[in-house]
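Just below is one structure, and these are the notes that go with it.
What follows is calculated from the coordinates using simple rules that are stated; it is not laboratory data. Computed from a predicted structure; not experimentally measured. Note that we place each Cβ from the backbone using ideal geometry, even for glycine, and neighbour counts take in every protein chain shown.
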Amino acid sequence: QVQLVESGGGLVQAGGSLSLSCVTSGRTSAMGWFRQAPGKEREFVAAISWSGDTTLYGEFVKGRFTISRDNAKNTMTLQMNSLKPEDTAVYYCAARTIMYVSDYFSEGTYAYWGQGTQVTVSS
């Protein structure tokens, strides 16, 4: 079992920035961020391969977010800039340990999830 702990959420004004972190209790392969706004389904935000060579983003990100990881520290980070009120959601860290899975976008491919951290962007 791998445990994930997110941190870094909070309240920020539109146009501001937040950095989310996810610390894992063990080694993982691909990792990702998903978010869920009230009344909406959970959606893909970003993902990163074990090596960091592959990074993928949801269409709504449009260059505003950057995902990165430090395997030596078992940590993944999501730097969010130019935040908008529509970015308000609970953000979840996800991870898997199985290698060579090409699908980064589907929730079902991630076996481990954090508890979520609230991000609120005021207008």
Specify which residue in the list 98, 71, 112 is farthest towards the positive end of the charge dipole of the chain, using unit charges on the beta carbon of Lys, Arg (+1) and Asp, Glu (-1), about the Cα centre. 71
For the chain, the longest stretch holding no chymotrypsin sites (Phe, Trp or Tyr not before Pro) located in a DSSP loop with at most 15 other Cβ atoms within 10 Å is which? 1-59
How high is the relative contact order of the stretch 10-97, in percent, counting Cα pairs under 8 Å that sit 6 or more residues apart? 42
Under 28 Å Cα-Cα from residue 40, which lysines qualify once same-chain neighbours fewer than 8 residues away are excluded? 62, 84
Just round it to a whole percent: the fraction of Cα-Cα distances in the chain exceeding 17 Å. 51
Let me check I've understood the local charge: for residue 54, count other residues with C-beta under 15 angstrom from its C-beta, Lys and Arg +1, Asp and Glu -1. What total comes out? 0
